[in-house]
Amino acid sequence: QVQLVESGGGLVQPGGSLRLSCAASGSIFNIYTMGWYRQAPGKQRELVAGITTGGSTNYADSVKGRFTISRDNVKNTVYLQMNSLKPEDTAVYYCNAYLVGVFSWGQGTQVTVSS
């Protein structure tokens, strides 16, 4: 089973940018569909962005045009570039790997958008 480790979270002012990284190990990375989810206090975990093995992407409406997901199959890493951040983007962000009905999760990284 794949192991996932997120990094890159932190405190940023509204309008700022962050890039999250998720390093995968323990399995063949390029066979997994990868995604970023987030969970704000008191809310359910929601899909932010996903990327297939072929590079097709999808985004939540709330982040379209601001966030970009990408993957590097040589470095076994998936990224989430977040621009024009808003206070409502504040959440714990989780990396996810999906393969044939099995989901694997990282430990999460906190993103706080505040002035």
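The values are calculated or read from the model by the stated rules, or taken from the named source; none is laboratory data. Computed from a prediction, not measured in an experiment: that's the story for all the values here. Reconstructed Cβ throughout: ideal geometry from the backbone, glycine too, with neighbour counts over all protein chains shown. Heads up: the accessible areas ignore ligands, DNA and RNA and are worked out on the full protein's heavy atoms, side chains in. Shrake-Rupley method; radii C 1.70, N 1.55, O 1.52, S 1.80 Å.
Computed from phi, the 3J(HN,Hα) profile of segment 73-88 under the Karplus parametrisation 6.51, -1.76, 1.60 (θ = phi - 60°) reads 6, 7, 8, 6, 9, 10, 10, 9, 8, 10, 10, 6, 5, 10, x, 6 Hz, with x in place of Gly and Pro.
Here is the P(r) of the chain: all C-alpha pair distances, binned every 10 Å from 0, give 15, 51, 29, 6, 0 in whole percents. Amide H to amide H under 5 Å from LEU85: which residues, 5+ apart in sequence or cross-chain, H placed 1.01 Å off N in plane? Counting only residues 5 or more places away or on other chains, the set is GLY15, GLY16.
Residue by residue, segment 10-16 carries 3J(HN,Hα) couplings of x, 9, 9, 7, x, x, x Hz when phi is fed to the Karplus relation 6.51 cos²θ - 1.76 cosθ + 1.60 (θ = phi - 60°); x denotes Gly or Pro.
Here segment 29-115 exposes an accessible surface that is 49 percent carbon and sulfur, computed with a 1.4 Å probe and the other protein chains kept in place. Evaluating 6.51 cos²θ - 1.76 cosθ + 1.60 at θ = phi - 60° for every residue in segment 89-94, the Karplus couplings come out as 7, 4, 4, 8, 9, 10 Hz, glycine and proline recorded as x. Per residue, the solvent-accessible area of segment 37-83 (1.4 Å probe, heavy atoms of protein chains only, all protein chains present) comes to 56 Å². Projecting the Cα atoms of GLY8, MET34, SER56 onto the charge dipole of segment 1-79 (Cβ charges, centred on the Cα centre) puts GLY8 farthest toward the positive pole.
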